[in-house]
Amino acid sequence: MREYNIDKNLLNNIEISDEMKQDLISDVKQGKRTSNRKFRYSTGLMAACIFGVVAFSGAGASAAYLSYKNRVENMPKQEKEEYVQKLENDTYNSLEESMTRSFTKEENDRLIKLQNDYYKNGVFPKENMPHLKSLSELEPDMLAYVEEDNMIHVPESELTDEQILQYVDHMAKYIYTIEENNKQEASEEQVQADEAEGSDTIDEELYDKTVFDVSEEDEEAFRKQSWDLIKDFYGEDGEDLDDTWMFDVSGFQPSELDGMDDIWDGYNINWIESEAPNSKMYQIVIPKNEDGVFSISKSGLEVFNDAEEYSWDEAKQYTAQGEETVKQFVKEKFGLGEPDRIEYSGFENLEGDPIKSEIMTFNLYYGEHYVAVDWLISKDKVNGIIGSGLIELNKDE
């Protein structure tokens, strides 16, 4: 086994122009999610996130869900204006950068429960999180957004359940504002395009070329197949998946773009526990072709909250243990034997800066092909995998 300094970003393994890569990365960053795997929008195929807006299906819209939607969609005018102003001031690439401190593990444990109560059970805070104009208004032990420095100020004292609910409520309203702003900008771009040439915008052209509908019959087949894959791959860790989770599948064929290989054509499948931005999520790609790329991964605060983070120097001492775990996993799940060689990558963000990570990625090479396996270091478990020709396709599809 040897160290190999490669970027784990999946886009670097897709043959598209540098300009398109930068546009995709820029668009993902402008989504105002986070670089942290605790948040679901940081995982999976980034390109798929750009070319389509997914509509999730589940057990039907519950009263609690409708109550949450009503709450964010019907904010008072002044409150809406406050969130629009916050969006205009926002220059951060991640949620963590906009907070004076991160939540503790214990606070995150409660956040997991309380955000489920908020989104799935309609439990809301008694009061809104304060929005203050200046730092001079900030009081001790207050959780508040301050416009002067554009930061969420988290008190050093332990957060109460009410404060955590206020934070969940704040983020729900802010994300709603972002999504509404994106819709408005897309609509304005379409109007300008129609007036100019009567043609589609670039985003719509990409969408029309690369995304295709899945029939109801195939959707049901993919629901069952992906359910079984999650239960098989993650064992007891996947036992929390049930019929209340949101499900989505869409067809994706980047081979319609110049320079893209058809190994990336497939069906993007998502299982999401709730609307919360850091809820647990399983993402699966079922390839369209026999030699196409298959992937499965999970993300969310619940997955990573009790996992240790390591610098690259700290993580390297565990490579032998990780190598054995991932080799055994691909042998059991895919019948793969001893790889020709194994390479592993350092921890870097999109800008190439060193970061800490809970995960180490192993690339197992078999001739000209390789399988990339994400290993959760402190738990000694496989968290995700991507590779070509890994699963047998349904011949009826």
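The values are calculated or read from the model by the stated rules, or taken from the named source; none is laboratory data. Computed from a prediction, not measured in an experiment: that's the story for all the values here. Every residue, glycine among them, receives a Cβ derived from its backbone with ideal geometry; neighbour counts consider all protein chains shown. Remember, those area values only see protein heavy atoms, side chains included, never the ligands or the DNA or RNA. Shrake-Rupley method; radii C 1.70, N 1.55, O 1.52, S 1.80 Å.
Does the stretch 133-150 contain any residue that is open to solvent by less than 50 Å² (accessible area, probe 1.4 Å), within 25 Å of the chain's Cα centre (by Cα) and aliphatic (A, V, I, L, M)? No, the conditions are met nowhere in the stretch 133-150.
Those helices (runs of 4 or more DSSP H) of the stretch 46-91 in which at least 3 residues are loosely packed, with under 11 Cβ neighbours inside 10 Å and modelled with pLDDT of 75 or more, considering only elements entirely within it, cover 77-89. Within this structure, residue 347 fails the test of being farther than 30 Å from residue 110 by Cβ and not small (Gly, Ala, Ser). Within the stretch 202-230, being within 14 Å of residue 283 (Cα to Cα), buried (at least 19 other Cβ atoms within 10 Å of the Cβ) and not polar (S, T, N, Q) holds for 222, 227, 229, 230. Restricting attention to the stretch 262-282 and to residues that are buried (at least 21 other Cβ atoms within 10 Å of the Cβ) and among the polar types (S, T, N, Q), the residue that is farthest from residue 215 (Cα to Cα) turns out to be 278. Candidates in the stretch 217-276 are the residues that are among the small types (Gly, Ala, Ser) and farther than 19 Å from residue 385 by Cα; of these, the one that is modelled with the highest pLDDT is 221.
In the stretch 316-329 there is no residue matching the filter, namely being in contact with a Ser or Thr (Cβ under 7 Å, 6 or more places away or on another chain), within 28 Å of residue 236 (Cβ to Cβ), among the acidic types (Asp, Glu) and touching a residue at least 12 places away in the same chain (Cβ under 8 Å). Taking the criterion of being of a type in the set (D, E, K, R) and assigned to a helix (DSSP H, G or I), the residues of the stretch 232-249 that qualify are 232, 236, 237.
Here is a yes/no grid of residues against (1) on the phi < 0 side of the Ramachandran plot; (2) over 14 Å from the mean Cα position of the chain (by Cα); (3) not aromatic (Phe, Trp, Tyr):
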site	(1), (2), (3)
259	no, yes, yes
304	yes, no, no
316	yes, yes, yes
334	yes, yes, no
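Applying the selection to the stretch 155-178, what residues are of a type in the set (Gly, Ala, Ser) and over 26 Å from the mean Cα position of the chain (by Cα)? Once the filter is applied, which keeps residues that are of a type in the set (Gly, Ala, Ser) and over 26 Å from the mean Cα position of the chain (by Cα), the stretch 155-178 yields only 157. Taking first residues from the stretch 101-115 that are part of a helix (DSSP H, G or I) and partners that are among the hydroxyl-bearing types (Ser, Thr, Tyr), the Cβ contacts under 8 Å between residues at least 6 apart in sequence or on separate chains come to 111/167; 115/274; 115/279.
In the set (1) touching a residue at least 12 places away in the same chain (Cβ under 8 Å); (2) part of a helix (DSSP H, G or I), the condition left unmet by residue 126 is number (2). When residues in the stretch 231-248 are screened for being more than 26 Å from residue 329 (Cα to Cα), open to solvent by less than 60 Å² (accessible area, probe 1.4 Å) and not aromatic (Phe, Trp, Tyr), 2 of them pass. On the given criteria, is residue 152 of a type in the set (Val, Ile, Thr) and touching a strand residue (DSSP E or B) at 6+ places or on another chain (Cβ under 6 Å)? In short, yes.
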